[in-house]
Amino acid sequence: MFGLTFDKLIIIAIIAAFLLGPERIPHYAAMLGRFVRKAKEMADGAKDRLKDEMGPEFDDIDWKKLNPRQYDPRRIIRDALLDDTPHDPVTPLPGTPSMPVTPSMKGSTP
């Protein structure tokens with residue numbers, strides 16, 4: 001979650017203990033708890049509202065297809081470069097010249 005490991009959370013807690021002091025830590029911990037609870041309620045409310053507005057179609061949606069992590073540009077390029085599908089040699093690929101370039105044609109313009 002956000003690249004935070006257990007070690008980093010412990011370091012943050014120790015720094016917070018020194019900065020806030022033992023008197024104020026319970027107050028700020030309670031505030032953090034209320035904030036997390038409120039954020040969860042807001043997320044659940046948004047999900048329920050979306051479910052109400054979409055109706056029965058909401059359950060038919062494949063949410064894994066809409067995951068933005070699947071659109072990793074590195075993976076897309078790697079998959080495209082490793083694509084082993086044979087291409088028709090008569091039909092040029094998109095972005096290639098329609099006429100083969102020979103050594104005698106390199107200096108001339110069409």
- Enumerate by residue number the chymotrypsin sites (Phe, Trp or Tyr not before Pro) in segment 1-85 meeting two conditions: DSSP loop (anything except H, G, I, E, B), and at most 13 other Cβ atoms within 10 Å of the site's Cβ. F2, W63
- Task: Name the lysines eligible as straight-distance cross-link partners of K65: C-alpha to C-alpha under 27 Å, and not fewer than 8 places from it in the same chain.
- Result: K40, K47, K51
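Which shape class, rounded, prolate or oblate, goes with segment 3-43 when its Cα gyration tensor gives a ≥ b ≥ c as root eigenvalues, a/c under 1.5 marks rounded, and past that a/b bigger than b/c marks prolate? Can you show the working numbers first?
Working: a/c = 4.27, a/b = 1.30, b/c = 3.29.
It is oblate, given that a/c is not under 1.5 and a/b is not larger than b/c.
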- Task: Starting from the Cα of R69, move 7 Å in the Cα-to-Cβ direction to define the label point; list residues of segment 1-22 whose amide nitrogen is under 19 Å from there.
- Result: 1-6
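Values quoted throughout were computed directly from the atomic coordinates according to the rules given, and no laboratory measurement underlies them. Here the structure is a predicted model, which means the values were calculated and not measured. Cβ coordinates were reconstructed from backbone atoms using ideal geometry, including for glycine residues, and neighbour counts include every protein chain displayed.
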